[in-house]
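Each reported figure results from applying straightforward, stated rules to the coordinates on display, with no laboratory input. Quick caveat: nothing in here was measured; it's all calculated off a predicted structure. Cβ placement follows ideal geometry from the backbone for every residue including glycine, while neighbour counts extend to all protein chains displayed.
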Amino acid sequence: MAHTQLEEIYTRLYTHFGQQQWWPGDTPFEVMVGAVLTQNTNWSNVEKAIDNLKRAGVMSFERLSQLPVALLAEYIRPAGYYNIKAGRLRNLFSMIRQQYGGSLDQLLEEETETLRQALLSVKGIGQETADSILLYAAGRPVFVVDAYTYRILLRHDLIPEDFGYGEIQELFMDNLSSDAGLFNEYHALLVCAGKDFCKKTSPKCADCPLHGL
DNA sequence: CACCAGGCAAGTA
DNA sequence: TACTTGCATGGT
């Protein structure tokens with residue numbers, strides 16, 4: 001039953017919004033940086049920050065990890081929480097340097113569960129950010145849950161209010177085929193739906209593509 | 001003007 | 001364990 005519902009939601013969203021082609025980023029490194037910068041922040045602001053880094057010619061592990069933290073913070077200022085995020089990026093770079101000799105490729109070759117734990121060990125990287133990196137930078141079949149996912153499922157009475165991250169993630173991963181391409185598109189579509197018709201303030205399912213599940 | 005955005009960690013009780 | 005608060009810019 002959950003399987004059928006989740007398939008139906010995907011089909012409707014895909015029909016309504018079309019293919020999303022996430023993640024918007026040129027390299028795994030850029031995707032990883034973007035995953036940290038977009039924490040509780042609109043993507044358009046993150047784009048400005050990423051653009052600053054690219055124009056400064058520092059969008060690489062070697063360059064960015066050597067940058068003084070104050071300068072890094074200045075570049076990413078448009079993304080908000082810039083002091084916090086500069087520190088979080090430094091923590092991430094530090095883990096890659098200490099545990100993987102500064103090789104992002106080596107980190108990304110780890111077993112999925114090992115990679116997830118390595119990312120979660122970094123102060124400033126929680127489950128959503130870790131899973132975003134797993135799915136969108138490393139191409140692993142891991143479902144990314146976010147505030148939109150929770151809100152959409154809750155609005156349609158598909159989950160109880162007290163469902164946590166892991167429980168929602170299991171719902172998708174236990175009922176869909178373990179396909180990174182599918183998870184990639186599905187999460188992106190949920191974000192579209194959240195921005196479009198399932199906003200925080202919009203009334204419950206006002207004429208949305210998911211009406212009558 | 002208020003509210004929101006592709007979270008997370010630290011502090012409090 | 002279960003809340004609450006700080007972090008911050010930019011768009012609507």
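Name the single residue that is surrounded by the fewest Cβ atoms within 10 Å (Cβ to Cβ) among those in the stretch A:34-49 being within 11 Å of DNA strand B (Cβ to nearest atom) and of a type outside the set (S, T, N, Q).
Taking the stretch A:34-49 first, the residues within 11 Å of DNA strand B (Cβ to nearest atom) are A:34-47.
Restricting the remaining residues to those that are of a type outside the set (S, T, N, Q) gives A:34-37, A:43, A:46-47.
On the way: A:G34: 22, A:A35: 26, A:V36: 25, A:L37: 26, A:W43: 14, A:V46: 23, A:E47: 16.
Here the answer is A:W43.
Put simply, of A:G18, A:G34 the only residue that is under 14 Å from the mean Cα position of the chain (by Cα) and not polar (S, T, N, Q) is A:G34.
Would you please name the residue that is nearest to A:T149 (Cα to Cα), looking only at residues in the stretch A:102-138 that are of a type in the set (S, T, Y) and free of Cβ contacts under 8 Å to residues at least 60 places away in the same chain?
Of everything passing the filter in the stretch A:102-138, A:T112 is nearest to A:T149 (Cα to Cα).
Table: residues versus (1) under 15 Å from the mean Cα position of the chain (by Cα); (2) farther than 30 Å from A:K48 by Cα; (3) in a helix (DSSP H, G or I).
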position	(1), (2), (3)
A:E74	no, no, yes
A:R90	no, no, yes
A:I96	no, no, yes
A:G102	no, no, no
A:Y136	yes, no, yes
A:L158	no, yes, no
A:G181	yes, no, yes
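Starting from residues that are among the aliphatic types (A, V, I, L, M) and within 14 Å of DNA strand B (Cβ to nearest atom), keep the ones in the stretch A:58-108 and report whichever is farthest from A:L37 (Cα to Cα). Walk me through how you get there before you give the answer.
First, pick out the residues of the stretch A:58-108 that are among the aliphatic types (A, V, I, L, M): A:58-59, A:64, A:67, A:69-73, A:76, A:79, A:84, A:86, A:89, A:92, A:95-96, A:104, A:107-108.
Checking which are within 14 Å of DNA strand B (Cβ to nearest atom) leaves us with A:76, A:79, A:84, A:86, A:89, A:92, A:95.
Working: A:I76: 8, A:A79: 6, A:I84: 10, A:A86: 9, A:L89: 9, A:L92: 12, A:M95: 18 Å.
Selected residue: A:M95.
Within the stretch A:55-71, the set of residues being more than 16 Å from DNA strand C (Cβ to nearest atom) and part of a helix (DSSP H, G or I) comprises A:F61, A:E62, A:R63, A:L64, A:S65, A:Q66.
Residue check: is A:C198 more than 30 Å from A:D105 (Cβ to Cβ), outside any helix (DSSP H, G or I) and not small (G, A, S)? Yes: the conditions hold for A:C198.
Within the stretch A:7-27, the set of residues being surrounded by fewer than 19 Cβ atoms within 10 Å (Cβ to Cβ) and assigned to a helix (DSSP H, G or I) comprises A:E7, A:E8, A:Y10, A:T11, A:R12, A:Y14, A:T15, A:H16, A:F17.
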